[in-house]
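Okay, so here's the structure we're looking at.
Throughout, read-outs are computed from the coordinates displayed, never taken from laboratory work. This is a predicted model, so every value here is computed, not measured. Cβ sites come from the backbone with ideal geometry, for glycine too, and all protein chains shown count toward neighbours.
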Amino acid sequence: MDDVVQVSVGEKIVPNTKATNDRYLIGGWSGPEQKGTWTDGRRSLILLPVSNRAKRIVLDLLPFVTPKHPKQTVKITVNGELIKSVDLDRDTFHLVDLDIARNVQTKNDGDFTYMLIELMLLDAVSPKDAGLSQDTRRLGIALRAISVF
């Protein structure tokens, strides 16, 4: 891949532009917004070419919760391995820490490793179905940032 941009340790990706989203968010995402980018559907994918020195990835997530839908359960796999399952039940941003240093099969390409992060959104619901607006996107979480450590 000639257009691969490695994500270095200490780097933060803010997915609020089309260019950034096209590079890293590869499926199941809505368009960028000021707060970040919402998932659209029950499955969303992120592809990160990270430095081989990376040990952790932290996702900054805002769940779509309403009185009728008070939580979002998110199962997270990295390269096909379940790393974490979280219940997000407050309308605030949550930092979700993913330990990628152990138990993750990687595909190395020189100085970096591809990390395929899959978010399975068990409680995704559209604002229309929640009675809030005419928005038909099935929202689970908004991604505000991805940090690599």
ask   = Just to be sure, is ASP87 closer than 17 Å to LEU122 by Cα, surrounded by fewer than 20 Cβ atoms within 10 Å (Cβ to Cβ) and without any contact (Cβ under 8 Å) to a residue 24 or more places away in the chain?
value = yes
remark   = When segment 1-25 is checked residue by residue, the ones that are surrounded by 15 or more Cβ atoms within 10 Å (Cβ to Cβ), hydrophobic (A, V, I, L, M, F, W, C) and more than 10 Å from LEU143 (Cβ to Cβ) are VAL7
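If only one of THR66, THR113, THR92, THR136 is of a type in the set (Ser, Thr, Tyr), touching a residue at least 60 places away in the same chain (Cβ under 8 Å), more than 30 Å from VAL5 (Cβ to Cβ) and out of contact with any Gly (no Cβ under 7 Å at 6 or more places or on another chain), which one is it?
After ruling out the rest, the residue left standing is THR66.
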remark   = Those residues of segment 51-68 which are part of a strand (DSSP E or B), surrounded by fewer than 18 Cβ atoms within 10 Å (Cβ to Cβ) and among the β-branched types (Val, Ile, Thr) amount to VAL58
task = Sort out which residues of segment 42-56 are over 12 Å from LEU143 (Cβ atoms) and β-branched (Val, Ile, Thr), and write them in order of number.
result = VAL50
query = If a residue has to be over 16 Å from ASP99 (Cβ atoms) and charged (D, E, K, R) to count, how many in segment 41-87 make the cut?
reply = 6
inquiry  = Being under 17 Å from ILE141 (Cβ atoms), exposed (fewer than 15 other Cβ atoms within 10 Å of the Cβ), of a type in the set (D, E, K, R) and out of contact with any helix residue (DSSP H, G or I) (no Cβ under 9 Å at 6 or more places or on another chain) is the requirement here; does LYS71 meet it?
reply    = yes
